[in-house]
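Derivation of every value follows stated rules applied to the coordinates shown; laboratory data play no part. Only a predicted model underlies this, so the values are computations on that prediction, with no experimental measurement involved. Every residue, glycine as well, gets a Cβ built from its backbone with ideal geometry; the counts of neighbours run over all protein chains shown.
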């Protein structure tokens, strides 16, 4: 069998003022924080609902948290789970865990007990830092895990004093929490404040080997079954921070302000909002959850220069009456990820607010940024852009030998670069399936233009096979979206023994518009699609299942369709 991907044409991006390659230092991820503190000690590192923390104080707080972990018996390589929204404690615990040489495991604070139980048990986390409101769910998730210590954090602790008095809410205390729970808690529990106050000396960085030692386990793959822990090293995350900063020629060290609406527990927010901003010595504006008025208020107050986001957020801003006055047009870099960015959103956002947004591409396994559109006005709306500095990309056939395909041909996208992960935690077979000679098979079907721009077509696992023909759901979803009565649509393959699969569509209708019949929508599709692509079944829904970033979960719809007789 031939060795795939090597010694064949590949695509890299070249742009005036942006290096083709980027130097990646072999350092611990915490060194980015230390360097920023040395260069800009009084610069605001974090802004949280009116309170700020300087780089000097953030380093001291992170060291103190590392000392607290040492007192709990945490050693190099141990896993520490964070179940927190965007807040100062999350950033402090993140860098403090890395300072101790331990591995950060991020979790969505909205997870159910069952979801938490799987990930905590799989990672073997010994310490958990949890939001007070999630404590009960965590208690239900503990059986079968290795959790020994729980640190409870409250958002109130880091609010300005005036807001704390205004809220008139008591601080969460471990003793009160234990009394409220009927289930016994077989772990030592303390508050974040208690953990921080128990340590006073500086904690030096535990030596790490950046190329091999893990910095984070980021769970992914929930759309195909139980999530797997993507192993990201210090070098992976340092590299992607450097690559992201190199991509943006307008960055000024010590002057950037990043609006962190995207959750830091997702790798998109971790790199785009936190580590890249820290590398640039900028300020991270932490927003614990998306609230339109809160986002507009923070834009007016903090005047961000960088705004990573997802299409639903940009769409809501485009429709918000006060968006233009908030100053969105002054945001230099707005990058959309996680799902397809509709052209209508791009145009409406620019028309209503003056803001420009470009589309990028990445995945948890690439730390996550792999591609992005140029920021020089040459962005292509239908494309996810070109590889960022130091990144190679190709389109290959789905055959075993992975033949490299010429421009214009659809195939699987493969990527290589210093940001590509080390594999899945304790899953060697699954790791071997996606990693070959340093290239990762993304599972995305895409095409490459002659000048190196990549356009995604669909996820490989979502392709529908009808009578031997490949049918791409996104093509049908786009057609359905053209109907004036359709607000949203998702297309999946449904079992159809005579033909293998049939096309099934789940449609959300616009309010205030005459509702079409199923037959009418089928007829509409038939005017724009060949016969085997026309939906054989359409189901009307009030909404569609989505993940935390708003991306439609086709897997859920596919499972529902498979269970329907």
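Below, the figures for the structure above:
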quantity	calculated
Identified option (computed mean projected area of the Cα convex hull in nm²; candidates (i) 36.9; (ii) 27.2; (iii) 25.8)	(ii)
Contour excess over end-to-end distance, with Cα ends at residue 487 and residue 35 and 0.36 nm allotted per residue	157.9 nm
Tilt relative to the chain, helix 292-302 - C-alpha long axis, 0 to 90 degrees, to 10	60 degrees
Approximate spin-label separation residue 451-residue 292, in nm, with each point projected 7 Å along Cα-to-Cβ	3.7 nm
Bridge type composition, region 463-563 - antiparallel percent by DSSP, nearest 5	75 percent
Extension reserve of the residue 351-residue 517 stretch, reckoned as 0.36 nm per residue once the Cα distance is removed	56.4 nm
Spacing of the two label points (7 Å from each Cα toward its C-beta) at residue 531 and residue 332, in nm	5.8 nm
Packing-based exposure ordering (other Cβ within 10 Å, fewest first) of 537, 75	75, 537
For 87, 525, 273, order by how many other beta-carbon atoms lie within 10 Å, fewest first	525, 87, 273
Centroid-to-centroid separation of region 449-509 and region 107-126 [C-alpha atoms, Å]	33 Å
Theoretical gain in end-to-end length, residue 496 to residue 60 [0.36 nm per residue, Cα-Cα removed]	150.8 nm
Packing-based exposure ordering (other Cβ within 10 Å, fewest first) of 429, 196, 363, 339	429, 339, 196, 363
Distance between region 258-289 and region 380-396 - C-alpha centres, whole angstrom	23 Å
For the chain, share of DSSP beta bridges that run antiparallel, in % to the nearest 5	55 percent
Two-site FRET efficiency, residue 133 against residue 27, from Cβ-Cβ distance with R₀ of 41 Å, rounded to 0.05	0.70
Using distinct alpha-carbon pairs, which all enter the 1/r mean, Kirkwood radius of region 463-563 in Å	13.7 Å
